[in-house]
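Novice: Following this message is one structure expressed as structure tokens.
Nothing in this text is a laboratory measurement; each read-out follows from the coordinates by a stated rule. Bear in mind that the values here come from a model prediction, so they are computed numbers and not experimental data. In this analysis, Cβ positions are derived from the backbone assuming ideal geometry, glycine residues included, and neighbour counts consider all displayed protein chains.
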Amino acid sequence: MTSTSKVAIVTGAGTGIGKAAVLALLKDGYRVVLAGRRPGPLADVIALSGAPDRALAMPTDVSNPESVKALFDAAVSTFGRVDVLFNNAGVSAPGIPLEDLTLAQWKSVVDINLTGMFLCLQQAFRVMKAQTPRGGRIINNGSISATTPRPNSIAYTSTKHAVKGLTKAASLDGRKYDIAVGQIDIGNAATEMAQRMATGVLQANGEIAIEPLMDVNIVGQSVLYMASLPLEANVMFHTVMATKMPFAGRG
């Protein structure tokens, strides 16, 4: 199956990393369903792509099971199948001491970053195992916070560590259905969410430091590479980051 006949769903598609992935997939010939909470940004990405005939905007709340089912139903009814899910939607809590984080703030991050990712993965399994040809690929956005935390990030870090377990378990469970599951861990891409890095962010030693950023379109190309592999091969974990950001070693 060539990319021109493949169908992808991208969650969190209206901005940042999701937007970059959508544009890369559409440029390569994919048909893409864009999922996000706000219709406006989804429409803007489709207009920017220049390929409106191969794109479908689907306002979605990934924390809501009915909304997620409607997303996958729309993808199948419009394009016939789902070959790729980029499980990208995510939020963070305020960067405050963990003892000051409210239960509501904690739950909002868990609902989107972990439960939402599970709900999308579950629907993808249901569709991919039943379609002909069978199978597909799921790429979870883990973030390098799946490995190493920042200060005052307990909700985000905990969910992203959990995504690693979700990826491993789903990869194992997907084998019998020809479903390949992998994870992309992204560090310091130049998105709206990461712009604070350019002005200085708190480091583990208590200092405030400016951190390097990479072009977000590099991430889009990384997602495209993972998506383009034949199902006999899988990138289980892929880390792409700004080369000089403080991550490896002690900063």
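Novice: Segment 190-230 to segment 34-68: how many Å between their Cα centroids?
Specialist: That distance is 23 Å.
Novice: Normalise the Debye intensity by I(0) for segment 3-241, one equal point scatterer per Cα, no solvent, then take log10 at q = 0.10, 0.18 Å⁻¹ and round to two decimals.
Specialist: Those come out to -0.43, -1.41, one per q.
Novice: Sticking with this one: Take the Cβ-Cβ distance between Leu202 and Ala43 as r, set R0 to 35 Å, and report the resulting FRET efficiency rounded to the nearest 0.05. If you can, show how the numbers build up before the last one.
Specialist: Details: r = 36 Å, r/R0 = 1.02.
After rounding to 0.05, the efficiency reads 0.45.
Novice: Right, another one. Looking at the chain as a GNM with Cα springs under 10 Å, which of Ser222, Ser77, Ser49 has the largest mean-square fluctuation?
Specialist: Most flexible of the set in this elastic network: Ser77.
Novice: Then there's this: Please find, in a Gaussian network model of the chain (springs between Cα atoms separated by less than 10 Å), the residue of Ile184, Ile154, Ile139 whose mean-square fluctuation is greatest.
Specialist: In the Gaussian network model the winner is Ile154.
Novice: Right, here's the next one. Quick query: amide H of Ile138 versus all other amide H atoms, modeled in the peptide plane; which residues come in under 5 Å with a sequence gap of 5 or more or a different chain?
Specialist: Those qualifying (amide H under 5 Å, at least 5 residues apart or on another chain) are Leu85, Ala180, Val181, Gly182.
Novice: Calculated from DSSP H runs of 4 or more alone, at -39500 (n - 2.57) each and per residue, what is the 222 nm mean residue ellipticity of the chain, nearest 500?
Specialist: Working: 7 runs with 92 residues, N = 251.
Dividing the helical sum by the residues of the chain leaves -11500 deg cm²/dmol.
Novice: Residues with amide H under 5 Å of Asp185's amide H, sequence separation 5 or more or different chain, H placed in the peptide plane at 1.01 Å from N; which?
Specialist: Gly142, Ser143, His238, Thr239, Val240
Novice: Full-extension gain between Arg126 and Ala233, please, as 0.36 nm times their residue separation minus the C-alpha to C-alpha distance. Show your work: numbers first, answer last.
Specialist: Working: separation 107, 0.36 × 107 = 38.52 nm, distance 2.11 nm.
Going from the current span to full extension adds 36.4 nm.
Novice: Then there is this: For segment 140-166, list residues with backbone N below 14 Å from a point placed 7 Å from the Cα of Asp100 toward its Cβ?
Specialist: Answer for this model: 152-154.
Novice: Which residue, Val201, Val68, Val240, has the most motion in a Gaussian network model of the chain that connects Cα atoms within less than 10 Å?
Specialist: So, out of Val201, Val68, Val240, the one fluctuating most is Val201.
Novice: Let me ask something else about it. Using only the Cα atoms of segment 145-244, build the gyration tensor, take square roots of its eigenvalues as a ≥ b ≥ c, and label the shape rounded, prolate or oblate: rounded if a/c is under 1.5, else prolate if a/b is larger than b/c, else oblate.
Specialist: Numbers: a/c = 3.51, a/b = 1.71, b/c = 2.06.
Cα axes put segment 145-244 in the oblate bin.
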